[in-house]
2 protein chains.
Amino acid sequence: MNDLTERQKFILTLVIHEYIRTATPVGSQHLVARYNLDMSSATVRNELAVLTERGYLRQPHTSAGRVPTEEGYRYFVSRLIQATELPDSTRRMISHQFYQMRHDVEQWMRLAASVLAHQSRAASLVTAPHPEKARLKHLELIATRGRQVLMVLVMVGGEIHQRILILNEPVGQDQLSQAAHRITTLYYGKDAEQIRALRSLVEGLEADVLEWVLEEMEQVDSVVAGEIYLDGLTNVLSEPEFTTSDEARRALKLLEEPTLLQDLLARTVLAHAPGGVQVLIGGEGTWEELRQCSMVLGSYGAPGLVVGTLGILGPMRMSYGRAISIVRFMSSLLSDLVSETLMDDSAIKSDGEVNHEEG
Amino acid sequence: MNDLTERQKFILTLVIHEYIRTATPVGSQHLVARYNLDMSSATVRNELAVLTERGYLRQPHTSAGRVPTEEGYRYFVSRLIQATELPDSTRRMISHQFYQMRHDVEQWMRLAASVLAHQSRAASLVTAPHPEKARLKHLELIATRGRQVLMVLVMVGGEIHQRILILNEPVGQDQLSQAAHRITTLYYGKDAEQIRALRSLVEGLEADVLEWVLEEMEQVDSVVAGEIYLDGLTNVLSEPEFTTSDEARRALKLLEEPTLLQDLLARTVLAHAPGGVQVLIGGEGTWEELRQCSMVLGSYGAPGLVVGTLGILGPMRMSYGRAISIVRFMSSLLSDLVSETLMDDSAIKSDGEVNHEEG
DNA sequence: AATTAGCACTCTCACCGCGAGAGTGCTAAA
DNA sequence: TTTAGCACTCTCGCGGTGAGAGTGCTAATT
């Protein structure tokens, strides 16, 4: 398969740019006029014919301009796109906003989703940082009433899980605190598997509680991603390809369905190296709901500790350069933020053999 | 203003029912045919004319059937609607689902949103239970690295807030635990105002921490509602009145904008008695974004302790009977659930004069 | 050999007119 | 008070039509 000539690549780029701009099929004369090309429309037409032949463009009907195909977008994204870096001022402004609200992970997630949606003018999604393997950091038991106890579980990485336990018999707060404290010191930094192996270290009340802890931690492990934050859903509705709201529905449905979305994220983003940016164009044959859409996905996190994913979803006709640069930027920004916040925890080896600085 | 005759009410009801069913203007002949009325279309026509005169109906153009006006819906909802109770089997099935996942508030919220959306075939929203006035239940401080400390704040009602503090100098875990313990015992059950009045009880590290606690609690108080759970957004997109996605965008935008939504909830639901169900039709002149929509809103909670709101948003042409019954049912179900879970806390008077059962 | 001008051809889309159909209001009779 | 009858109005779907945009092909040009 011969590669395209430079001029063909150039023209393909122009067509894609123009189509992204106008959302209407682009013709040869239009192209030479708008970009002051020093060739005639006939020449362009010939090249367009080649590109159509190769499957990078298509015509909606015999006598219309050309529209990029999925293949066309893919070729463009993988080989022709040039990085459109975010202006420094924008980067600084965004960073500033994040450092304003220091250390509030939930706020960060919302802000990240908001920034992504705003900058890309598309729908955005961000998942909260999630431990690759949950490891215990701190356990707290709070007596409520009678046999009811509020269990608060802090994972290495800062994720908090809560749950209400019903004990067999009422237990005082002091006894609960003591049990929690013992479990914390005994199992600090260990994952569910390791705890299970060492569970004979405790008995009685503590053993009962430990079962709940294990159950919760295993549940955390079974989920591939943290809570999902969405924003800018309405952006995508304003795109002309979604005037027939039926197509829009299918795409939004995907975002509403946490399991589907997590599946998608797990398969694409988490499977790849962190830091990189994946571009899914037209569902890639796998995701029927996204036939009309593209996603630009990335991941962030503190290596070996927590990971999260983030990305934007928009029409296939989206400004990929901009999208990729904003996703990449947010990805590194969030990585910095969570790494910075959790730097201490990265010292905890997964074998749990690090001393808890305990008095 | 004379009231309507029985027959006029009857016909208005029929028109509304039929319009909800078909989404097309309904004419006199159609009405007599479909409902086997024992009067002629001419008679119906006369009554329709009266109802139009009164402002309960309107015709899209001179020679079309009638469509209910906002006023028409309001009259219907406030005076004509008859309770369509949920079938017992459905109620039991829903309850069962909730009791399956005992004591996981977050799951309840998601399930509630899902059930509301599913049963009403519209968009739903549920806010997490939120204390009317935050009162301290438990404080935990967890050393992370150097001067960094994870603060976990449990409010009466079970709401958990976390935050990372940066102390002036490193402090060991034991000292932190002790400080947290002292603050918990001293200020258990008190609200921000009361704590502020008594803040001279502590000094040094504890005083510093208490400032953070107060800040966080005051922030909680300043927010009118908990986190918002949405579901079924795509349902509303499939309604025929939203094929022109512009109108749909405006409505969904409202749901995406937490501040606007909280404002709306605060003004309508929280201002009224709990348990009741409010119906907002066509934005009621205040909410421009909802011109085409209606909302059925309710609240739930444990009296004096926590409240949350829930509701559904759909086209004005929605099945109000069904909507109201499902909202009412979910409202009481959630009230039961949270009351049951938090029963202990209701013993805590707002003056904080209840002993913490401490060893 | 590559490019370009010229041209015939194709297809969409916006516009128009028209007739069917649904629904109305009015009047007069029951 | 209700109803049958009727003339009237307005929408909506239909086919036809012409402008316009864009194409592919061919022959001339560089």
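Numerical summary
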{"item": "Residue-averaged beta-carbon neighbours from other chains (10 angstrom radius) around A:154-166", "result": "3"}
{"item": "Neighbouring partner chain Cβ atoms per residue of B:229-237, average, 10 Å criterion", "result": "4"}
{"item": "Value of relative contact order over region A:153-311, rounded to a whole percent, pairs C-alpha under 8 Å and six or more apart", "result": "15 percent"}
{"item": "Amide proton proximity set for A:V307, modelled H, under 5 Å, gap of 5+", "result": "A:H130, A:E132"}
{"item": "Global geometry of region B:1-155, whether rounded, prolate or oblate, following the gyration tensor of its Cα atoms and the 1.5 cut on a/c", "result": "prolate"}
{"item": "Solvent-accessible area, 1.4 Å probe, carbon plus sulfur percent, for region B:239-343", "result": "53 percent"}
{"item": "Descending semi-axes in whole angstrom, ellipsoid equivalent of region B:6-80, from the Cα gyration tensor", "result": "16, 14, 12"}
{"item": "Exercise: per-residue mean of other protein chain Cβ atoms within 10 Å, B:101-108", "result": "3"}
{"item": "Residue-level accessible surface for B:R267, protein heavy atoms, 1.4 Å, Å²", "result": "130 Å²"}
{"item": "Anisotropy class of the protein assembly as shown from Cα gyration tensor, a/c 1.5 cut", "result": "oblate"}
{"item": "Residue-level accessible surface for A:M316, protein heavy atoms, 1.4 Å, Å²", "result": "30 Å²"}
{"item": "Region A:1-114, relative contact order in percent, only Cα pairs under 8 angstrom and at least six apart counted", "result": "22 percent"}
{"item": "Within a Gaussian network of chain A (alpha carbon springs, distance under 10 Å), most fluctuating of A:V306, A:V296, A:V105", "result": "A:V105"}
{"item": "Chain B: relative contact order in percent, alpha carbon pairs under 8 Å with at least 6 residues between", "result": "18 percent"}
{"item": "Cβ-vector label at 7 Å, A:E85, separations to other copies in nm", "result": "7.0"}
{"item": "Residue with peak Gaussian network fluctuation, chain A [Cα springs, cutoff 10 Å], from A:E53, A:E140, A:E106", "result": "A:E53"}
{"item": "Distances in nm from B:Q29 to the matching label points in the other copies, shortest first (labels 7 Å along Cα to Cβ)", "result": "5.2"}
{"item": "For region A:124-175 versus region A:249-307, the gap between their alpha-carbon centres in whole angstrom", "result": "30 Å"}
{"item": "Debye equation applied to the C-alpha atoms of chain B, log10 I(q)/I(0) at 0.12 Å⁻¹", "result": "-0.91"}
{"item": "For region B:136-223, projected area of the alpha-carbon convex hull averaged over all directions, nm²", "result": "5.1 nm²"}
{"item": "List A:S319, B:S95, ordered by accessible area with a 1.4 Å probe, largest first", "result": "A:S319, B:S95"}
{"item": "Under the Karplus curve 6.51 cos²θ - 1.76 cosθ + 1.60, θ = phi - 60°, whole-Hz ³J(HN,Hα) for region B:307-318, x wherever Gly or Pro sits", "result": "9, x, 10, 8, x, 10, 10, x, x, 4, 7, 10"}
{"item": "Area buried, chain A against chain B - accessible surface, total, 1.4 angstrom probe, square angstrom", "result": "4000 Å²"}
{"item": "Across the identical copies, how the A:K133 labels are spaced - nm, sorted shortest first, 7 Å along Cα→Cβ", "result": "4.9"}
{"item": "Chain A: most fluctuating residue of A:E216, A:E159, A:E203 per GNM, C-alpha cutoff 10 Å", "result": "A:E203"}
{"item": "Top positive-direction residue, dipole computed over the protein assembly as shown with Cβ charges, set A:T5, B:V306, B:G146", "result": "A:T5"}
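The values are calculated or read from the model by the stated rules, or taken from the named source; none is laboratory data. Predicted model only: the values in this text are computed from it and were never measured. Please note: Cβ atoms are built from the backbone with ideal geometry, for glycine as well, and neighbour counts cover all protein chains shown. Surface accessibility is based on the protein's heavy atoms, side chains included, excluding ligands, DNA and RNA. Shrake-Rupley method; radii C 1.70, N 1.55, O 1.52, S 1.80 Å.
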